[in-house]
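Notes follow the structure.
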Amino acid sequence: MITIQAQGGPWLLAALLSLSLASCAQNPPVPAPEPGPPPVGAVTLMTTAQPPREDLQLNIGVRVFENASQDLRTTPVNETTFARIRTMETHYLPVVLRNTLMASNQWGVVRVLPEDDPSVDLLIRGTIIESSGASLTLHVQATDSSGREWLDRVYSGRAYSMHYQQTPSAMGDGPREEMKDPFLDVYAQIANDLLTAKTERTERDIETLIHISELNHAADLSPDAFDAMLGSDGQGRLSLARLPAGNDPMLARVAAMRERHHIFIDTIDEYYDALYLDVKHLYDLWRQYSHDQVVEAQTSRRRARNSMQSADNFEVLRRNYDRYRWAKIFEQEFVGLAAGFVNETAPAVLELNRRVHGLAGSVEEQYAQWRELLRALFELETGGVFQGDDDDRLPISP
Amino acid sequence: MIHTTHPPLWSLSAIALLAALWLHGPQASAGDAEQLEDRLLRPDFGGHWEKDYGRSDHWEQALHRTVQQVHQQAQLQQRRGDSHPTAISSARRQTRAIISKARLAEMITRPDSVRIVQTGELIRIERPDDAPLICSTRETRQATFDNVHGSESCGWSRDQLVFDIQLAEGVSIQHRFDVEGETLSMLTRVSSRGSRSFDLRHFFTRYEPRSSGLECVQTLTQGQVCSTHSRRQR
């Protein structure tokens, strides 16, 4: 098989950009502010060299994000391409948030999860409001296992040319330079806000929360045995009614089940991490092109404002047509790059789907199966009779 | 160039699809039927087309005709006694505007070949040195591009595929594609507010290019990557 590489795509785009930006070289265009929350600006992630005491470490689950963004470039012809990019982002962006939370060293284990999980202390849900190479807007909510809200805020960040100056090698020659996420400030702000919410709570609050999480998970396994230990205020907020005795054998079994469950969700988290690592280089490039496209659109708008002239003159007509033509070629090129991005990330996305969805059904079904299996095991270990033929079913495909 | 005389491709594909429907019988779902129906409705534009200069309009002649019409109309107005200076200057302005539109129409339609890719979902008309014209084969009317420099929409008028482009300063361009057998016709109309539009019609004949034997896929990092694993694609 002969392989020929015609490097039209990115280079044509680069050529178009350099043409369109040549006139603005001394005054580089800056993405215009759009309505919405103000950008978070420069944010320093609050880190600590000394992690919290082990019994005060909160485990966090970051759910795969929802998508509420609408791409204005979407037409019936290219909607599938952009929809695939958005879907990929719902898996990718939570990993960036997870990595930021991990980097702060202020928490226990942080995992990306496909859905709500009763074993985590704090669950973060995110919705992508807008995502391009120039801006990112996320709606983030965090709720603890007692049902109390820690965070409900819309975060917005802007990226500028300087964020893309550490251009990764487009051809993949030589060692890849690790490019920082251009919206790290957004994630740092989320992490800092969560930390602030945590510092508003006493050590005792945190200890209680961890107990609630344990009992929450225990009640999920065996409602009859543990439901009574949790009280509810009628609004879904839980509190500790009583604690099981420290030497309660039932509690030890629950802890063992919890360990097994954590192995399961660790595996799921690794799948998302693998996708992140596989597509990061491509996604960085994609966002750089996306940023260039936004800048070009703004340059076009400025040019258009300054050029109202008579339609009777051929030179005016020709120039107007040329501007339209190049704007459309540029747009088509961008759509082509989007398709290229989808084509190149397809193996990683397929691998995630294969591993997460696997032979045992969707990840939601696997969760249900896994929890059913845990309950059954628990029943078996506590003296109940384990009936059914599901004991050889593996919840995670290899 | 190979000229062949065989029934129109769309009629052959229509027969094939009808046969498929019949063979599929009651198992065919409503969605399948809808999809097949869509394909049956659209004529086959797909293929490589080269300009038939013998049958196409020559822009200077078309311009001459249009300018003559403007002058005749102005003379008619004069004979009717309307010799107001604004009528004469209006004719001059009309002539100037028509010349500009004719030159624009000539510039846009200068390429001597087009390649059209047609699938069950979309139709893509590729012209050298210009952006492709892309339209869904399903929707009747759709916006396909919108930018400060212009907007574009497309749609179907019976069997004709129509693209409408709105440029700045109220200038609009319409491309109307029609296929009949081995002939593709493209009518380009350039109009602007308050003055006569200019039409230019071109005819194209289908031809079979030499196959490159390459199959290409778009990538982000390496542009188009082509390999010799090939299936011929129209």
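A few points about this structure:
- Candidate set from region A:311-320 (those that are within 7 Å of chain B (Cβ to nearest Cβ) and open to solvent by 40 Å² or more (accessible area, probe 1.4 Å)); member that is modelled with the highest pLDDT: A:318
- Filtered residues of region B:46-61 (kept if without any contact (Cβ under 8 Å) to a residue 60 or more places away in the chain and open to solvent by less than 80 Å² (accessible area, probe 1.4 Å)): B:54
- Test result for residue B:200, among the aliphatic types (A, V, I, L, M), assigned to a strand (DSSP E or B) and either in contact (Cβ under 8 Å) with a residue 24 or more places away in the chain or within 11 Å of chain A (Cβ to nearest Cβ) (or both): yes
- Residue check, residue B:193 among the basic types (Lys, Arg), away from chain A (no Cβ under 13 Å), open to solvent by 40 Å² or more (accessible area, probe 1.4 Å) and closer than 23 Å to residue B:63 by Cβ: no
- Scan region B:138-156 for residues that are at pLDDT below 85 and polar (S, T, N, Q) and the total you get is 2.
- Of all residues in region B:130-141 being touching a Gly at 6+ places or on another chain (Cβ under 8 Å) and at the interface with another protein chain (Cβ under 8 Å from one of its Cβ atoms), the one that is most open to solvent (accessible area, probe 1.4 Å): B:139
- For region A:116-129, the count of residues that are within 14 Å of chain B (Cβ to nearest Cβ) and farther than 30 Å from residue A:261 by Cβ is zero.
- Put simply, of B:119, B:144 the only residue that is among the hydroxyl-bearing types (Ser, Thr, Tyr) and either in contact with a strand residue (DSSP E or B) (Cβ under 6 Å, 6 or more places away or on another chain) or surrounded by 16 or more Cβ atoms within 10 Å (Cβ to Cβ) (or both) is B:144.
- Sole exception among (1) at pLDDT 85 or above; (2) open to solvent by 50 Å² or more (accessible area, probe 1.4 Å) for residue A:354, by number: (1)
- For region A:321-348, a tally of residues being within 15 Å of residue A:300 (Cα to Cα) and either of a type in the set (Lys, Arg) or at the interface with another protein chain (Cβ under 7 Å from one of its Cβ atoms) (or both) returns 8.
- Looking across region A:100-117, the residues that are closer than 20 Å to residue A:66 by Cβ, crowded, with 17+ Cβ neighbours inside 10 Å and not hydrophobic (A, V, I, L, M, F, W, C) come down to A:100, A:111, A:114, A:117.
- Each residue in region A:214-241 was checked for being surrounded by fewer than 11 Cβ atoms within 10 Å (Cβ to Cβ) and out of contact with any Gly (no Cβ under 9 Å at 6 or more places or on another chain), and 2 pass.
To keep it simple, each residue is scored yes or no on (1) more than 9 Å from every other protein chain (Cβ to nearest Cβ); (2) open to solvent by 50 Å² or more (accessible area, probe 1.4 Å); (3) part of a helix (DSSP H, G or I); (4) of a type in the set (D, E, K, R).
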| site | (1), (2), (3), (4) |
| --- | --- |
| B:63 | yes, no, yes, no |
| B:67 | yes, no, yes, no |
| B:100 | no, no, yes, no |
| B:104 | no, no, yes, no |
| B:107 | no, no, yes, no |
| B:110 | yes, yes, no, yes |
| B:128 | yes, yes, no, no |
| B:161 | yes, no, no, no |
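- Any chance residue A:75 is within 30 Å of residue A:372 (Cα to Cα), free of Cβ contacts under 8 Å to residues at least 40 places away in the same chain, open to solvent by 10 Å² or more (accessible area, probe 1.4 Å) and not aromatic (Phe, Trp, Tyr): no
- Hits in region A:183-204 (condition: open to solvent by 10 Å² or more (accessible area, probe 1.4 Å) and either free of Cβ contacts under 8 Å to residues at least 40 places away in the same chain or not aliphatic (A, V, I, L, M) (or both)): A:185, A:189, A:192, A:193, A:196, A:198, A:199, A:200, A:201, A:202, A:203, A:204
The values are calculated or read from the model by the stated rules, or taken from the named source; none is laboratory data. Remember, predicted model here, so these are calculated numbers, not experimental data. Don't worry about glycine lacking a Cβ; one is built from the backbone with ideal geometry, like all the others, and counts go over all protein chains shown. Just the protein is used for accessible areas: all its heavy atoms, side chains included, with ligands, DNA and RNA removed. Shrake-Rupley method; radii C 1.70, N 1.55, O 1.52, S 1.80 Å.
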